[in-house]
Every structure is written in structure tokens, then in C-alpha cells.
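What follows is a short report on a single structure.
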Amino acid sequence: MSIRPEVKKQYGLVPNYINGAWVNSMSTEVLDVENPATGEVIGQVPLSTKGEVDAAVRAASVAFPGWRDTPPQQRVQYLFRLKVLVEEHQDEMARIIVQEEGKTYREAFGEVGRGIENIERAAGIPSLMMGRNLEEVARGIDEYELRQPLGVFCCIAPFNFPAMIPLWFLPYAVACGNTYVVKPSEQVPLTQNRLFQLIHQAGFPEGVLNLVNGAKDVVDALLDHPDIRGVSFVGSTPVAQHVYSRAAANGKRAQCQAGAKNYLVVMPDADLEATVDALIESCFGSAGERCLAGSVVVPVGDITEPLQGALTDAARAMKVGYGLDDSVHMGPVISARHRDRVLAYIERGVQEGARLILDGRTTPPPNRSGYFVNPTIFEGVTPEMTIAREEIFGPVASIMPARSLDEALDFISRIPYGNSASIFTKSGKWAREFQHRVVAGNVGINVGIPAPVAPFPFSGAKRSFFGDLHGQGIDSIFFFTERKVVITRWW
Ligand code: NAD
């Protein structure tokens, strides 16, 4: 396995972290990690072997009994240390995210903040994990419920939030007394590598937290491993469905957060300026590569024309480039392959009769070697078009006017996804109607990216989520614990 000299200078070949030690994979299969803004190779990632997955799971299994018996108040001391370490390295981690994922520094810094928020909340586990009791359920008999950890859990992460998404799960899993294995996205392994250096520094006991790099084969090895009790997956819908089915077939718990197609409804009374700001951030922030990114804008009634004009002007004014440049509003998409996929969707929209009013393909990219698509807007989009139904995951917005709120809700009901939906209005009545009827897990009212904070579950409906207990919120405590009921009688 060779590491090119220029790669060594940057991040090199990322090792695995197993049983409290950094170990190089023995795999001969290695992928390059690219900076999507420049196309440069900045590191390499091994596709670890089945044996290495087994070693990580075994280390976690061996660590489990001791960790489970460590009092919760002591377990969270490691999380307090980790929180401080991540805060101290927030700038450095944000820079790594920009280099491997492509989003802007501001977005990356915010992402790390969202991860810290989850470490912080999990540090409250001594209260969050408490059970319940009821005295005298029958004469002389009391009953109580304990919440106990289960064993080894794992996380399979997507590329778009390399720091935050593993932190939606990992802190709660270990705070509850489980042990853990993280499988980062092979496209962005560098941020997790840095996070695990901080985890090492925080002094967690050996085997409590492990990291195995790789792709599909590592995922399948985790799903088939008899000692994995549960899996948290975040990624595209077809893979989520695969993970959910295979985990269930192997008797595991699974929570699988999946793809999205998010609609943004703009009522005639909406505040135009504030709404346009929110739509720009929703549709084009992080190059449209957020699972909560707005994709279809549905103006209702006579706001259509002014909204279309203002949105297009604002999108045209966005500066696209390398996310470490402070003046840049939007970075590249993740890879050449993904750029081509986004461009193919734009072409499909044109072929199906939608009109391009802002063509992100024609403006010269600021750096030709990076994977840039500029903000793109279609008008005249109809519900049956591919660009109205399928997840594009790029900076492409479709405008699909509706005559009424009923019609807008009807459009949303026809799509297979239900990750998020937003309404922009000054009317409480319309907002309540929308919140009541729309089938989506995360609902925004005058909010374009309705991302729940750590005490609330990150929800999802239809083909955007497989399972019942979501990430974050009280769901995470239920997911990572088994409830045991004890019924007592003392003579
Ligand atoms: P992806 O599904 O391609 O990959 C996700 C993970 O699955 C990676 O770790 C990858 O190695 C693994 N994987 C890929 N193909 C596999 C296969 N055939 N078998 C087993 N494992 C496989 O997703 P991505 O492109 O990294 O991320 C983007 C997707 O994630 C989008 O669809 C986005 O909407 C979704 N997402 C959803 C949420 C949410 O909360 N609902 C959040 C972020 C991203």
C-alpha cells in the first residue's frame, strides 16, 4: 500500500482506532480523499477488512461489562472532557471539514457546534436515563423500571456532516453505558480521524469507542456481526432501506435516517425579503447538500412573480468558491461524480420542459479543477417532473406555483419523502393548518432549515426514515437502552 509523497504532507492514510490504539489497516484497497474545491488529493482511506471490523467489535464487546458498571456520573466525566477538547479545536475541525467536504468555513464551524451541543446534552445522562417507579401496584407490591445499556452499537455516517452526524449518536450511546464503533463516510474520513484523536485525549477506557474506515463491505460486516446490538445509519434512501432490512434480519435495532425532497411553501402574505433570505440559505447553503435543503419552492397566488425575481437576483449574486475564503457564500459539491449527477438532473429538467431561469452550468466556475455547480433555478416545474420528485442533493431550486394552500399540500403529499417541509406566512391560521396536515418529520414555520436542537428528535417521515426511534431527543435514550421492569414483594 503506497502513500504518495504529497498526500503524506497533508493528512496521509487514515488509520483505524481499535481498543484505544491507532492501527493501520492491512487492506490493499485504498481510496483517495479529495478536496472538492481543488480536486487535489489530501489524504487516503483504507477499505478495512472483515477481520478489522471484527477486531473493533470484539474490543467494544470486551470493554462493555466494565463500562456498563462504571457509574453514569463517572461515564459523563469523559464527555465533559471531550466537549472542552472539541470546543478548543472547533476552528481546526471546521477547516478540515471545509477541505474534505467543501462547505464554507461558517457552515463547518456551525456544524461542529451542533455536534458539541449533543455531547453537552448526553452529559446529562444521569438524569436522562433515570427509570420510573410506582409504589403499591398491589398490596405490598412495588414496581419499577430500569433503563440498561445493551452492548455494542455502531454508526454508519454520510458525507455531508462529517463532524455532527456521528455526534448525534455516539455521546448518548456511551453515556448510557454501551460501547461503540463508528464507520465514517469514505469520502470524508479526516474529520472523524481528528475527532477520535480528541476522544483518545479525553481518556476513554480502551475499547469503549472505536473507528473503522471503509465503505459498503465494512457496513455489511457490521450488519452481520453477531455482537452488534444496534445501528444508527444516516445516508441515502436505497442504502437506508438495505441497512434497515439487513439489521432487522440479523435481530438488531436500527434507526435509519434517509434521503429527502423538501418543499418550501410561500403564502401570499409572506415577508418577501426575509423569505428570500431564508430560501437562499435553504436551497443553496452547503451547495444544497443538506438533508434539510429546500428543493422545491411553492409560491401561492400573486407572490409568485416578485418572489421568482427576488430569488433569482439573490441567487445570481452569490459568490461560489473555496469555503476557506471568507467572502464565499457557497462551495463545491462533494465529487466529480456527484457534480455529474447534479448536471444530469438539470439536463433532465430541461428535457422534461421546465425553464431554466438561472443556469448554474453556464457561468464559468471560479476554479475549474474543483467540483462546482453554481446556483440553478427552474420555473414552470410540475409535480410529475423528475426534478420535482427525486432528491438532487445539489444547488438546484425548482419553482412550482400553487393556487392555494390545499394545492401546495397536495403537491407535498405526492412525493415519496418526508424529511422536512416549510411554510412562510404571517397567518397563524395557515401555519397551523400546514403543521397539522403536512406529512414531514421536521416542519419549518418561517424557517427554511428546520433542524431540531439536541433535546428534540431529528425526525423524518415516509421514505426519509426507517425505524421508530429517531436520533437526538428522548428517542436516543430509548434507542440506546433496554427497559427492564422489576416487581417486588418483601415479607
Ligand atoms: P450514501 O447512502 O451513499 O452513504 C451513506 C453511508 O452508507 C456511507 O458510510 C457509505 O459508505 C455507506 N454505503 C454506501 N453504499 C452502500 C451500500 N450499497 N451498502 C452498504 N453501505 C453503503 O449517502 P451519502 O451520499 O454519503 O449522503 C447523502 C445522503 O444522505 C442524502 O440522500 C441525504 O439526504 C442523506 N442524509 C440524510 C439525513 C437525515 O437525517 N435524514 C442527514 C444527512 C444526510
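The values are calculated or read from the model by the stated rules, or taken from the named source; none is laboratory data. Quantities reported herein were computed from a predicted structural model and do not represent experimental measurements. Cβ sites come from the backbone with ideal geometry, for glycine too, and all protein chains shown count toward neighbours. Protein only, heavy atoms only, side chains kept; ligands, DNA and RNA dropped before computing areas. Shrake-Rupley method; radii C 1.70, N 1.55, O 1.52, S 1.80 Å.
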Computed over the Cα atoms, what is the radius of gyration of the range 210-296 divided by 2.2 N^0.38 Å, N being its residue count? 1.53
Farthest positive-ward along the range 348-476 dipole, Cα basis, beta-carbon charges - from Gln472, Thr376, Pro457: Thr376
When the dipole is taken about the Cα centre of the range 347-428, and only Lys, Arg (+1) and Asp, Glu (-1) are charged at their Cβ, what size is it in debye, to the nearest 20? 260 debye
So what does log10 I(q)/I(0) come out to for the range 363-491 at q = 0.15 Å⁻¹, using the Debye formula with one equal point on every Cα and no solvent? -0.89
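Give, in whole angstrom and from largest to smallest, the semi-axes √(5λ) of the equivalent ellipsoid of the range 104-153, with λ running over the eigenvalues of the Cα gyration tensor. Show your work: numbers first, answer last.
Details: eigenvalues 331, 28, 8 Å².
One finds semi-axes of 41, 12, 6 Å for the range 104-153.
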To two decimal places, what compactness ratio does the range 1-106 give when its Cα radius of gyration is scaled by 2.2 N^0.38 Å? 1.34
Sorted on mean Cβ neighbours within 10 Å (highest first), peptides 342-353, 65-76 come out as 342-353, 65-76
Hey, what do the phi angles of the range 92-102 turn into as Karplus ³J(HN,Hα) couplings, whole Hz, using 6.51/-1.76/1.60 and θ = phi - 60°, x for Gly and Pro? 5, 5, 4, 5, 5, 4, 4, 6, 9, 10, x
All alpha-carbon distances of the range 334-416, grouped into 10 Å bins from 0, give the whole-percent distribution 17, 47, 26, 8, 1
Inverse of mean 1/r across different Cα pairs in the range 14-59, Kirkwood, Å: 11.7 Å
For Ala270, what residues show an amide H to amide H distance below 5 Å, using hydrogens built from the backbone and excluding near sequence neighbours? Lys426
³J(HN,Hα), Karplus 6.51/-1.76/1.60, whole Hz, each residue of the range 273-280, x for Gly, Pro: 5, 5, 5, 4, 4, 5, 5, 4
List the residues of the range 235-274 whose backbone N lies under 18 Å from a point placed 7 Å from the Cα of Arg355 along the Cα-to-Cβ direction. none
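Using a Förster distance of 22 angstrom, determine the FRET efficiency expected from the C-beta separation of Arg483 and His200, and round it to 0.05.
With a Förster radius of 22 Å, E is 0.10.
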Principal axis lengths of the range 60-190 from Cα atoms, whole Å, largest first? 65, 27, 22
Expressed as a whole percent, how much of the Cα-Cα distance distribution for the range 151-224 exceeds 21 Å? 19 percent
Leaving out same-chain residues fewer than 8 places away, which aspartates and glutamates sit with a Cα under 12 Å from that of Lys484? Glu143, Glu145
Going 7 Å from the Cα of Gln74 along its beta-carbon direction, which residues of the range 202-234 have the amide nitrogen within less than 12 Å of the resulting point? 205
Based solely on its DSSP helices, what 222 nm [θ] is calculated for the chain when runs of n ≥ 4 H residues each add -39,500 (n - 2.57) and the sum is averaged over all residues, nearest 500 deg cm²/dmol? -12000 deg cm²/dmol
Express as a percent, rounded to the nearest 5, the fraction of DSSP beta bridges in the chain (both residues included) that run antiparallel. 45 percent
Counting only protein heavy atoms, what percent of the accessible surface of the range 262-445 is carbon or sulfur at a 1.4 Å probe? 49 percent
Could you quote the convex hull projected area for the range 298-369, Cα atoms only and averaged over all directions, in nm²? 6.1 nm²
Once amide hydrogens are built 1.01 Å from N within the peptide plane, the residues lying 5 or more places from Ala254 or on another chain with amide H under 5 Å from its amide H are Val231
With only Lys, Arg, Asp and Glu charged, each at its Cβ (+1 for the first two, -1 for the last two), find how big the charge dipole of the range 88-158 is about the Cα centre; round to the nearest 20 debye. 120 debye
Compute, for the range 262-445, the length of the dipole vector about the Cα centre, with Cβ point charges of +1 (Lys, Arg) and -1 (Asp, Glu) only. Units Debye, rounded to 20. 440 debye
The range 76-92-the range 399-469 distance, computed between alpha-carbon centres (Å): 34 Å
May I ask you to list the residues of the range 88-130 whose amide nitrogen lies under 12 Å from a point 7 Å from Cα along the Cα→beta-carbon direction of Gln10? 96-102
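Tell me, in nm to one decimal, what length is gained between Arg316 and Val84 on full extension, where the rule is 0.36 nm per residue of separation less the Cα-Cα distance?
79.5 nm
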7 Å from Cα along Cα→Cβ at both Asp32 and Ser404: what's the point-to-point distance in nm? 5.7 nm
Below 28 Å, Cα to Cα, which lysines can Lys319 reach? Residues fewer than 8 away in the same chain don't count. Lys103, Lys261
Sorted largest first, the C-alpha extents of the chain along its principal axes in whole angstrom are 76, 69, 40
Calculated FRET efficiency for the pair Asp227/Trp490, C-beta based, R₀ 51 Å, to 0.05: 0.85
5 Å is the cut-off here: which amide hydrogens, built 1.01 Å from N in the peptide plane, fall below it relative to Asn262, excluding neighbours closer than 5 in sequence? Ser295, Val296
Over the C-alpha atoms of the range 262-445, what are the Rg and the largest Cα-to-Cα span, Dmax, in Å? 15.6, 50
Residue-ordered couplings for the range 13-18, obtained by feeding phi - 60° into the Karplus form 6.51 cos²θ - 1.76 cosθ + 1.60 and rounding to whole Hz (Gly and Pro as x), are 8, 6, x, 8, 10, 10
In nm, to one decimal, how far is the modelled label at Arg414 from the one at Lys50, with both set 7 Å along Cα→Cβ? 4.7 nm
Please find the FRET efficiency linking Ser327 to Asp302, where r is the Cβ-Cβ separation and R0 is fixed at 35 Å, and quote it to the nearest 0.05. 0.45
